[in-house]
Amino acid sequence: MKKSAIIMFSLVLLILSACGKNDEGTTGKNTAGGGEKLEKVTLMLDWYPNAVHSFLYAAEEKGYFKEQGLDVEIQMPADTNDPLKLVAADQVDMALSYQPQVLVARGEDIPVQSFGAIVRHPLNQLMVPADSSIKSPKDLAGKTIGYPSIPLDEAIVQSMVKSDGGDASKIKMVDVGWDLIPAMATKKTNALIGGYINHEKLLLDKEGHPMRTLNPADYGVPDYYELVLVGSEKELKAKPEVFKKFMTAIGKGQKYVQDHPEEGLAVLLKHEDKSSPLEKDIETKSLQILLPLMDAKDKSFGYQDPQTWDQVAKWLKENKVIKNNVKAEDAFINF
């Protein structure tokens, strides 16, 4: 009986220590080096886990978050619009979102800031069948372009056509929702915008519908950051050290994936969402596309160029995607 009581008491202590949190929201886990507690951080992805998130899972598996005193909980959104909303509402600490969305949000007085550029160039590119007569954007005159009814996509196509000397009034945008792949596979539209070169294009190619892509950055659209890390302005100001530590950890995670792409992808595949299973061949090709686009060259991983933010803010205003003037320098922070 006495032995049983001791065992029961020990179990209770274990449960309490596992569940207990202090007032700062730190967990009861210890770091690798000693008895200090880890700071609990919630991160919401932009979509279900896929190749672009490999650096996060590598940082988790290799212990880089723990080295920085962080316990990072990675969450998946129910809707792609959720991450930015939940960060703004202080429901999650940080999220993956998109550079144009951050500027649109700030134009609506939503106090969010980007603190890291993850994918440094557009993944959302205009797609046409490989055998299409459309060789450049001006050839879209009289053609239909399928898209998921997003104003940014309309602005991208308009800019591309005008920049190429075409008549943007002669194109027809067709709302296909998120059925982008079926719309192109069944030839419902002549072209597609809203699909990514590291996902929809690869799937269409695999399904026997080879595609060519036209990069918006080659036709009047700023070379914007596709994916960025976002926090609330309040939290970034209140806890800068947490975000700095996070950036240090993911920098090591990205370096690991760059140096060991196969191992990095293997780590990711262990975290696939059951409702959105991954295809290893697609994710392998996706990572090959992504790694050069995530490389900050001589800058640290995640570095953001003020000029890029300024150019994108001006373009969004000129193309009426945002109505109010937005101070680009207030939309981001480098650590």
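So the values come out like this:
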read-out: Accessible area (Å², 1.4 Å probe, nearest 10) - F335; value: 80
read-out: Per residue, in Å², the accessible surface of the stretch 159-302 once ligands and nucleic acids are set aside, probe 1.4 Å; value: 49
read-out: Accessible area (Å², 1.4 Å probe, nearest 10) - W315; value: 20
read-out: Cα-derived Rg over Rh, computed across the stretch 242-335 with Rh taken as Kirkwood radius; value: 1.08
read-out: Gain upon complete extension [K255, D175; 0.36 nm per residue less C-alpha separation]; value: 24.9 nm
read-out: Equivalent-ellipsoid semi-axes of the stretch 149-202, from the Cα gyration tensor, Å, largest first; value: 20, 12, 11
read-out: Stokes-Einstein D for the stretch 136-291, Kirkwood Rh over Cα pairs, 4 °C, 1.567 mPa s (µm²/s); value: 71
read-out: Per-residue SASA entry for E36, accessible area with 1.4 Å probe, Å² rounded to 10; value: 100
read-out: Convex hull volume per residue in cubic angstrom - Cα atoms of the stretch 288-335; value: 88
read-out: For the chain, share of DSSP beta bridges that run antiparallel, in % to the nearest 5; value: 55
read-out: Dimensions in Å of the chain - Rg and Dmax from alpha carbons; value: 22.2, 87
read-out: Accessible area expressed per residue, the stretch 74-117, with surrounding protein chains retained (probe 1.4 Å, Å²); value: 39
read-out: Fraction of accessible area attributable to carbon and sulfur, the stretch 244-335 (%, probe 1.4 Å); value: 48
read-out: Gain upon complete extension [N81, S276; 0.36 nm per residue less C-alpha separation]; value: 68.4 nm
read-out: Calculated FRET efficiency for the pair D131/K239, C-beta based, R₀ 41 Å, to 0.05; value: 0.15
read-out: Length-normalised contact order for the chain - Cα pairs under 8 Å, 6+ apart - percent; value: 25
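The values are calculated or read from the model by the stated rules, or taken from the named source; none is laboratory data. Just so you know, these numbers come straight off a predicted model, no measurement behind them. Neighbour counts are summed over all protein chains in view; Cβ atoms, including those assigned to glycine, are modelled from backbone coordinates with ideal geometry. For the accessible areas, the whole protein counts, side chains as well, though only heavy atoms, and no ligand, DNA or RNA atoms are used. Shrake-Rupley method; radii C 1.70, N 1.55, O 1.52, S 1.80 Å.
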